[in-house]
1. Kindly express, to the nearest 10 degrees and within the range 0 to 90, the angle between helix A:131-142's C-alpha long axis and the longest C-alpha principal axis of chain A.
2. Can you sort B:E263, B:E319 by how many other beta carbons sit within 10 Å, fewest first?
3. Mind listing the label-point distances from B:K104 to the same position on all other copies, shortest first, one decimal in nm, points 7 Å along Cα→Cβ?
4. Suppose each label sits 7 Å from its Cα in the direction of the beta carbon; what would the A:E145-B:D266 distance come out to in nanometres?
5. Which ordering of A:E133, A:E220 is given by a fewest-first count of other beta-carbon atoms within 10 Å?
6. At a Förster distance of 25 Å, what's the computed FRET efficiency of A:K234 paired with A:R317, Cβ-Cβ distance as r, to 0.05?
7. Could you go through the stretch B:152-161 in sequence order and give the Karplus-derived ³J(HN,Hα) for each residue, using 6.51 cos²θ - 1.76 cosθ + 1.60 with θ = phi - 60°, rounded to whole Hz, and x for Gly and Pro?
8. Percent relative contact order of the stretch B:182-241, based on C-alpha pairs within less than 8 angstrom and at least six residues apart?
2 protein chains.
Amino acid sequence: MTNPPAEISEILQGAKRVLLATHIYPDGDALGSQLALGRVLESLGKKVVLYGEEPVGHLYDFLPGCERIVTELPDLSTFDCAVAVDCADPHRLGRQRDRLLKVKPFIMIDHHAGHCPFGDVQWVDPGRSATGEMIYDLALALGGEIGYEAAYCLYTALVSDTGSFKYSSTSAKTLQVASDLVGRGVKPAEVAGRLFDNFTVNRLQLLRLVLESLEMFGNERIAVILATREMFNKTGTISADTENFINYPRSVSSVKVAAFIKESHDNVVSVSLRSKGRDVDVAEVAGAFGGGGHRNAAGFKLRDTDIGKVRAELLLRLEAMLDS
Amino acid sequence: MTNPPAEISEILQGAKRVLLATHIYPDGDALGSQLALGRVLESLGKKVVLYGEEPVGHLYDFLPGCERIVTELPDLSTFDCAVAVDCADPHRLGRQRDRLLKVKPFIMIDHHAGHCPFGDVQWVDPGRSATGEMIYDLALALGGEIGYEAAYCLYTALVSDTGSFKYSSTSAKTLQVASDLVGRGVKPAEVAGRLFDNFTVNRLQLLRLVLESLEMFGNERIAVILATREMFNKTGTISADTENFINYPRSVSSVKVAAFIKESHDNVVSVSLRSKGRDVDVAEVAGAFGGGGHRNAAGFKLRDTDIGKVRAELLLRLEAMLDS
C-alpha cells in the first residue's frame with residue numbers, strides 16, 4: 001500500500017482552482033471519490049469544478065452534492081490543475097478527454113490493477129479496495145476536513161467497490177477507514193439501503209425472468225444468464241436495472257466463471273464476466289472480444305450481433321479455458 | 001456500549017472447566033461466538049466443552065472447530081461455570097435447558113434487545129452489532145489469545161449478524177473490531193464466500209419460484225413472498241435453502257414491511273417478517289401469532305394450519321398496522 005505522493009499534495013496545496021473529473025458511466029467509487037475530494041479541497045479554500053459527461057443517474061443521485069456536477073465543459077484555461085479519480089484509462093474520461101488532458105498538471109488517482117497510464121502526475125495503487133480509500137488518505141495528508149458529507153461520499157465509495165466489504169480487495173485498512181468514517185456520523189444502514197435496497201417490483205420481476213434463463217455448462221463450473229429485449233419490455237425495465245444480477249450465477253458454489261449476456265440496446269449485446277479464484281482470467285476472455293477488466297471481473301460489448309451468437313462464441317472460449 | 005463486567009472475567013479466570021452453550025438453530029453469530037470463546041479460554045489453559053443440541057448444519061460447517069461441538073450432554077457436575085452466548089431467552093437453550101442452567105455460576109452474554117434475563121451473571125448489550133463483538137472485548141479483557149481461528153470465527157459472527165456491515169447495528173466499533181480481525185489474517189472474501197456464495201443451482205431455481213409468488217399490498221408498502229411444499233419438492237430443496245430470501249421483498253424501495261411465508265414441514269407454516277424504519281414493529285406482529293424478535297426482524301411458526309390461512313390473517317394485521 002502506498003501513501004499519497006508528496007508531489008500531488010504540493011500541487012493541490014498550491015492550486016486555487018481545481019477541475020475534478022472521473023470516468024464515464026460513473027459508479028459509487030467514482031462519484032463518491034470525486035464529490036469527497038471536492039469537499040476536502042473546498043475546506044482548504046480552493047475553488048472546485050466537478051465535471052461529468054452525463055448527469056448523475058438515479059442509482060447514485062442520493063450522494064450529497066451530486067447536483068453540482070456540471071455536464072458542460074467549463075473554460076479550461078482558468079484551472080491550476082485537474083484531477084481524474086478512479087479512471088483506469090484515458091478513453092474512460094469520455095468524449096472531452098483530449099481537451100480535459102490539456103489542463104496542466106493533470107493528476108491521476110486510481111486503484112485499478114490494469115491501469116493504463118495517462119496524465120502528468122500519477123498515484124495508482126492496486127492494493128487499495130477503492131479510490132475512495134486513497135482520497136481518504138490524501139485528505140488527511142492535505143490537512144483537509146472530512147466532514148459528514150465527504151465521509152458519506154467516501155463510505156459509499158468503499159461499500160460500492162467492495163460489495164459491502166465482501167470482495168478480496170477488502171483489507172484491514174479498508175475497514176479501519178470505514179470505521180473512522182462511521183465515527184464521523186455516517187450510518188452504514190443508510191448507505192447500504194441506498195446502494196442495495198433500491199429494487200422496484202418490476203426489477204424483481206426482471207430478476208425472476210433472468211434467473212429462469214440460467215444455464216450451467218462444464219460440470220456446473222460455467223453459469224450463464226441472459227437478459228433479452230423481450231424481458232426488459234415485458235417488465236418495463238431498462239439495462240441499468242440489471243445491476244448486480246451477475247452475482248447470482250457467480251454465487252453458485254461450483255461455479256468458476258459466470259457470464260451475464262444482455263441486449264443492452266437493439267443490436268448491442270453487453271457481456272459481464274466474473275470468475276472466482278485463479279482458474280479463469282476473465283480479463284483475457286473479455287480482451288479476445290475487444291473488452292477488458294480485471295482477472296475476476298471484466299466485460300465487453302458487441303454491435304450488430306445477436307445474443308445467441310455471442311452466447312455460443314463465449315461458451316466455446318470459456319470451455320476451452322477451463323479445459324486448458 | 002458497555003465493557004465486559006469484571007465479575008465475568010473473574011469467574012472465567014478462576015475456572016478450570018467451562019461449559020459453552022448457545023441457542024438452538026444456531027446462526028453464524030451464535031456458533032462463531034461459541035467457538036471463538038472456546039479457543040480464547042483454551043489459550044488461557046482452561047478445559048472447554050462446547051455443547052449444541054444438533055450437529056452444525058452445512059451452512060456453518062466451514063467454521064474451524066465446529067466438529068468439536070458435542071450433542072450429548074456431558075457430566076455437568078465437572079464444570080466450574082457455564083457460558084451461554086447469543087441466547088435471548090432460556091427456552092432457546094433447547095430441550096436440556098433445565099439441566100444446563102444447574103451449572104453454577106451460569107453466565108449469559110448476549111446482544112439481543114428483547115433479551116429475557118436468565119442465569120446468574122449477565123452481560124447484555126443491545127448496543128452491540130453481534131455477540132461476537134462482545135466476545136472480542138471479553139477476550140482482550142481476559143488477556144486471552146485471538147489467534148487466526150478465533151479471529152475467523154469472530155469475523156464470521158460479525159458479518160453474519162450485520163449482513164456484511166449493512167444493518168443499522170453496524171457501528172464504528174464493529175468496523176474497528178473487523179479491521180483488527182482482518183489484521184490477524186482473516187480474508188473477508190473467504191468468509192463472505194462461505195456465508196453468501198453458497199447457492200446451488202436448485203436453490204437459484206427455488207429463488208425464481210419464490211420471486212414468482214411476490215405480491216404487493218397497501219400501496220406497495222407490504223410485500224409478501226411464499227415458499228410452498230410443492231416448490232421445495234419441484235426443486236429438490238429444503239427449508240434451510242431459503243436463507244436470506246426475505247431480503248428480496250424487503251429490498252423494494254417502497255416496502256415498509258416484508259413477509260416470507262413458508263411451509264417448513266407438513267402442516268407447519270413459518271413466517272419471517274422484516275420492516276424498515278419506525279413504521280411497523282414486526283416483533284409486535286409476530287407476538288400476536290405467538291412468535292417474537294426485534295422491531296425490524298421477527299418471526300413466528302404455526303402448526304396445523306395452511307399457508308393461505310396464515311397469509312390472509314397476517315395481511316389483515318399488517319394492513320391494520322400500516323393504517324393506524
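A short reminder: the numbers here are calculations on the coordinates, not readings from a lab. Source: prediction; values computed, not measured. Ideal geometry is used to build each Cβ from the backbone, glycine not excepted, and the neighbour counts take in all protein chains shown.
1. For A:131-142 against chain A, the angle is about 10 degrees.
2. Result, fewest neighbours first: B:E319, B:E263.
3. Counterpart label points of B:K104 in the remaining copies fall at 8.5 nm.
4. 6.9
5. The fewest-first ordering by Cβ neighbours comes to A:E220, A:E133.
6. Efficiency for this residue pair is about 0.25.
7. 3J(HN,Hα) across the stretch B:152-161, in whole Hz: 4, 5, 5, 4, 4, 4, 5, 5, 5, 8.
8. Rounded, it is 30 percent for the stretch B:182-241.
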